[in-house]
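Just so you know, all these numbers are worked out from the coordinates, no wet-lab data involved. Only a predicted model underlies this, so the values are computations on that prediction, with no experimental measurement involved. Cβ atoms come from the backbone with ideal geometry, glycine included; neighbour counts cover every protein chain shown.
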Amino acid sequence: MPVSVLGKLPIHTIVRDQKPQNERWPGMMIEVTEDQAMRDIPLLHEVATQLRIHDIHLSVDDFGIGYSHLARLKHLPFAEVKIDRSLVSNCGEDANNISLCSAAINLAHGFGCVAVGEGIETAPELKSLLQLGCDYGQGYLFAKPMPRDHLISMLVKNATTRA
């Protein structure tokens, strides 16, 4: 959702009225692309503050493909930085991508954020990201996109086989 649209919505009220009223609420992460985040930083701070009250945090998506000035990143209220697939691709073999992923992971950690590698498709990419200290990963290596019901069924099956 574009940041400009977020500014027109009564976010705090929507979240307060719609979030599950459950003590076990695990929270939520909302993704905002890097270029969307740079459009209106004061508005993003306002929205992020309203959301944090309800344990909802922001994730900067597609990090590394935007044209943002790195110094501006320190002003963004993110809990998570998702490293774009274009950097993750071949990071198991490509020295340039390894360096870029390392810099992005260190930058995320330096700002107190979690680093997530996007688009992981091979074991060497996963191994490289783990060695660089990446916190989480997503991509076809783990699972392809699937319908909600299939995901829930898979999670339930996994939980019962581990018990």
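Odds and ends about this structure:
- Counting only lysines at least 8 places from residue 127 when in the same chain, those with an alpha carbon closer than 25 Å to its own are 82, 144.
- Helix content alone sets the calculated 222 nm mean residue ellipticity of the chain: runs of n ≥ 4 DSSP H residues at -39500 (n - 2.57) each, divided across all residues, give -13000 deg cm²/dmol.
- Inter-label distance for residue 46 and residue 13, nm, one decimal - labels placed 7 Å from Cα along Cα-to-Cβ: 1.5 nm
- Listed by chain and number, the aspartates and glutamates whose alpha-carbon sits under 16 Å from that of residue 157, ignoring those within fewer than 8 places in the same chain, are 149.
- Values of log10 I(q)/I(0), in the order q = 0.17, 0.18, 0.19 Å⁻¹, for the chain under a Debye, Cα-only, solvent-free model: -1.11, -1.18, -1.23
- Nearby aspartates and glutamates by direct alpha-carbon distance to residue 19 (threshold 18 angstrom, same-chain neighbours under 8 apart not counted): 31, 55
- Modelled this way, with points 7 Å down the Cα-to-C-beta line, the labels at residue 160 and residue 21 are 3.2 nm from one another.
- Modelled spin-label separation between residue 130 and residue 99, with each label point placed 7 Å from Cα along the Cα-to-Cβ direction: 2.6 nm.
- Charge dipole magnitude, Cβ of K and R +1, D and E -1 - the chain, Cα centre, debye nearest 20: 460 debye
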